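Single-structure report; data block below.
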Amino acid sequence: MIKFVTNTTKESKQDLLKRLKKLEFDISEDEIFTSLTAARNLVEEKQVRPMLLVDDRALPDFKGIQTDDPNAVVIGLAPEHFHYPALNQAFRFSYLGLSRLLLDGAPLIAIHKARYYKRKDGLALGPGPFVTGLEYATDTKATVVGKPEKTFFLEALRGTGCEPQEAVMIGDDCRDDVGGAQNAGMLGILVKTGKYRAADEEKINPPPYLTCESFPHAVDHILQHLL
């Protein structure tokens, strides 16, 4: 069984599905597991009313969630809002409102804490620096639900009938994809595409099970040696 797992917080699962289908992937919605899904699952489990600091395109994945009179905070990557005027406005609000919420024990849920991600014009800051700043300002530790958290990978495997030791993760992020998967008991294959940079495989211990030039090379290895 194949499952597509992603930390993307800039688009809903439906938008992601449409984009993948345009690229001619033969894929269904239940084959996609995102960090937004994990965040929603946690919000429902905790039965909280979140303040959603996410990209507008991600809001459909929280449809039906009560957000009035918030008693929790969910933060993801929101590039259009992470500029100085917006952040300064958020700071002023946070000082009186958000900080008080968090300091009173309200959950801070980070969709993920990636340091950076890959865009068409190159690498760009991920939500990690902003989550860390919020943690620092409010003296609160976030609950992180996306990669590389162990719970993310185990949740993605739920319903597949596959144990971690029977699963292989292929990704271009050594820490979040490969390191996270291996910490959950899976095999991790690092591909030298996307956000990969030379010597990335030396950044985690244990190192990746395998480093390949591309995704097709990884698949070939799995078919020839792991099945």
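Among the residues in the stretch 172-186, are any without any contact (Cβ under 8 Å) to a residue 60 or more places away in the chain, out of contact with any helix residue (DSSP H, G or I) (no Cβ under 9 Å at 6 or more places or on another chain) and crowded, with 16+ Cβ neighbours inside 10 Å?
Within the stretch 172-186, one or more residues are without any contact (Cβ under 8 Å) to a residue 60 or more places away in the chain, out of contact with any helix residue (DSSP H, G or I) (no Cβ under 9 Å at 6 or more places or on another chain) and crowded, with 16+ Cβ neighbours inside 10 Å.
Between L36, L52, L42, which is among the hydrophobic types (A, V, I, L, M, F, W, C) and farther than 17 Å from E155 by Cβ? Show your work before the answer.
Values: L36 fails: farther than 17 Å from E155 by Cβ; L42 fails: farther than 17 Å from E155 by Cβ.
Answer to the selection: L52.
For the stretch 5-26: of the residues being among the hydrophobic types (A, V, I, L, M, F, W, C) and touching a strand residue (DSSP E or B) at 6+ places or on another chain (Cβ under 7 Å), which is nearest to A114 (Cα to Cα)?
Restricting to residues being among the hydrophobic types (A, V, I, L, M, F, W, C) and touching a strand residue (DSSP E or B) at 6+ places or on another chain (Cβ under 7 Å), the top hit is V5.
So, in the stretch 98-136, of the ones that are at pLDDT below 85 and touching a Ser or Thr at 6+ places or on another chain (Cβ under 8 Å), which residue ends up nearest to T6 (Cα to Cα)?
Looking at the filtered set, the residue picked out is L108.
One line per residue, one yes/no per condition, for (1) more than 26 Å from L190 (Cα to Cα); (2) of a type in the set (S, T, Y):
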| position | (1), (2) |
| --- | --- |
| A114 | no, no |
| Y117 | no, yes |
| G122 | no, no |
| L125 | no, no |
| T132 | yes, yes |
| E135 | yes, no |
| T138 | yes, yes |
| A142 | yes, no |
| V145 | no, no |
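Given the conditions (1) touching a Ser or Thr at 6+ places or on another chain (Cβ under 9 Å); (2) open to solvent by less than 40 Å² (accessible area, probe 1.4 Å), which single one is not true for T193?
(2)
Of everything in the stretch 62-86 that's open to solvent by less than 30 Å² (accessible area, probe 1.4 Å) and part of a helix (DSSP H, G or I), which residue is modelled with the lowest pLDDT?
A86
If you take the residues in the stretch 109-135 that are among the hydroxyl-bearing types (S, T, Y) and in contact (Cβ under 8 Å) with a residue 60 or more places away in the chain, which one is most open to solvent (accessible area, probe 1.4 Å)? Can you show your working first?
We begin by selecting, within the stretch 109-135, every residue among the hydroxyl-bearing types (S, T, Y); these are 116-117, 132.
Retained after the next criterion (residues that are in contact (Cβ under 8 Å) with a residue 60 or more places away in the chain): 116-117.
Values: Y116: 61, Y117: 39 Å².
Ranking the candidates gives Y116 first.
Being over 30 Å from K46 (Cβ atoms), open to solvent by 20 Å² or more (accessible area, probe 1.4 Å) and not aliphatic (A, V, I, L, M) narrows it down to one of P207, P148, so name that one. Break it down stepwise before answering.
Values: P148 fails: over 30 Å from K46 (Cβ atoms).
Unique residue meeting the criteria: P207.
Please indicate, with yes or no, whether at least one residue in the stretch 148-159 is within 23 Å of Q224 (Cβ to Cβ) and out of contact with any Phe, Trp or Tyr (no Cβ under 8 Å at 6 or more places or on another chain). Quick ask: steps written out before the conclusion?
Filtering the stretch 148-159 for residues within 23 Å of Q224 (Cβ to Cβ) gives none.
Looking for residues that are within 23 Å of Q224 (Cβ to Cβ) and out of contact with any Phe, Trp or Tyr (no Cβ under 8 Å at 6 or more places or on another chain), one finds none in the stretch 148-159, hence no.
Any idea which residue in the stretch 136-145 is nearest to the chain's Cα centre (by Cα), counting only those that are open to solvent by 20 Å² or more (accessible area, probe 1.4 Å) and of a type outside the set (K, R)? Working first, answer last.
Narrowing the stretch 136-145 to residues open to solvent by 20 Å² or more (accessible area, probe 1.4 Å): 136-137, 139-141, 143-144.
Right, trim to of a type outside the set (K, R) and you get 136-137, 139-140, 143-144.
Numbers: Y136: 21, A137: 23, D139: 23, T140: 20, T143: 12, V144: 9 Å.
Only one residue tops the list, namely V144.
The values are calculated or read from the model by the stated rules, or taken from the named source; none is laboratory data. Predicted model only: the values in this text are computed from it and were never measured. Every residue, glycine among them, receives a Cβ derived from its backbone with ideal geometry; neighbour counts consider all protein chains shown. Protein only, heavy atoms only, side chains kept; ligands, DNA and RNA dropped before computing areas. Shrake-Rupley method; radii C 1.70, N 1.55, O 1.52, S 1.80 Å.
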